[in-house]
Each structure stands twice: as C-alpha cells, then as structure tokens.
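Encoded as structure tokens, the structure appears first; notes follow it.
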C-alpha cells in the first residue's frame, strides 16, 4: 500500500512537472513566433524604407529616353518610356524584383501583374495607400483616354495628406516632369491629388514584400550565385528580348486604338458634311429652327 502511495505521488509530481513544462514550452514557442513575425516586419519595413531612399537618391536625374535605367532594363542602349522601368530598377536595388515587384516596361502590364495576385486596389475604393505601394496614373490631358494607364510611381508616405477636404498622395517617379511640371525626363517627388477633378489615380498596388524575404528569395539568390556567367548573360538577353517585344506590342496596340479613334472621327465628320446624321442623333425640328 505504501509503495502504491509513493508511486502515485511520484506520478502526480511527474504529471505536474509535465504540465508546467508544456505550458512553458507553448509560451516560449508563441514568444518565438511573435519574435519571428516582428523580425520579418522590421525587415520588410527596412526594405521599403531602403527602396524609397534609393528612389529619392535619383531625384534631379535628367536624361532623355536612352539612359542608365533603360540600359539596365534591356541590356543595351535603347530608347523607351521609363517610368515603369524606374520602379523595377528601384525594386531590383533592394532584392524585391520578381518576387514583390515585376520587371516591366509597360504600365498596364505591371498593373495586370498585381491584379492577377489580388494586390491591386481601385483608386475609387476606400483603400489607403501605404509607403512602398505602387500608384498607377492616367496622365492623358485631353480626355480622349479616360481609363488608360500611362504613368506609374512609388508611394513614399503612408496615408493621405489632407489639405482641407482635399486628399493627396506623396510619390516619386521617373520619366516625369520636374517639380514645376516642366518636361518629362526627370526623377521627381510630388504630392499628387488623390480625388477630385484633377485626380487621375487609376489605382494602387500593395506589393507583397514579405515574398522577397522568404525561401523563394533565398533560392533565387543561391541559384544566381551558382549559375555560370554565360548562362546569366544569355538569360538576360532573352529577357531583354521578351520585354522589348512586350513594349513594342503595347505601343502598337496604343497606336492602333488611336488610329481607329482618328478614323472614326474623320468618317463622322465626312458624313456629317454631307448631311448624314448618326443613329440616335436628334434632328432639329422646323419650329425650333424658326425660333433660333
């Protein structure tokens, strides 16, 4: 009987110690998880801060459509619009290219990349832009292309800047005008209207910068380090060719759309001169003509 009593006490003590150890382990494990999350968040914020500062380091850059950014993109000197290229270049400098931000020359293609990943928010939505986001703009001044995406920049400050009831977004971009809105070949940081008649914000992309800090990024880094130089060069030329074709196709479709719109306008003007009316166009009645 006495042995059983001792055994029960020992067993109870072991169970109690096991419960305490389990509770401690769970707490310690939860603490480790929280520390890991905090570390990753700090690394992500540091990457975003670095990307913005790299973009700011280029403020004042002025050069035509053949420059260091287009050469970096294509691998050789070539003329191109370079606002998207500039964003890609900044992402590349911090190791976020391909995992968080795509390498693109066409604004629409870059926007589609984020849309497919559920990382795009319409400019008319309630989304509040964050530092490191990518803002897509329509810079068409004559109103002929109300839904076009012509320009892209990096958001440099989280939240909106309020001036009365007006909301603005601080962002920086390349292939844009200077601070006085002169020219179009500068790197400039501006405060752009987010809403209202002057706003031309199509939407915001919120890149997954965590993807550039994970296993995929580590694998890419390792594979790049062991890839032979000639393969790296060949791969770069292949990508340059693909991106060149993509840009040419985008420019071609834009020209086709412009040509169709111009032909349509000329056709309507021609038939209008012969007295033909478009379907649905109201005819002026005789009494109205007499009262003019």
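Since every read-out is calculated from the coordinates, none of them should be taken as a lab result. Bear in mind the structure is a predicted one, so any value in this text is a computation, not a measurement. Note: ideal-geometry Cβ built from the backbone for every residue, glycine included; neighbour counts use all protein chains shown.
Assorted remarks:
- Ranked by how many other Cβ atoms sit within 10 Å of their own Cβ, fewest first, the residues 206, 151 fall in the order 206, 151.
- Counting every other Cβ atom within 10 Å of each residue's Cβ, 49, 208 order from fewest to most as 49, 208.
- Simple label model, 7 Å out from Cα along Cβ direction - residue 179 to residue 63, nm: 2.3
- Likely footprinting exposure, 160, 241, 120, fewest C-beta neighbours within 10 Å first: 241, 160, 120
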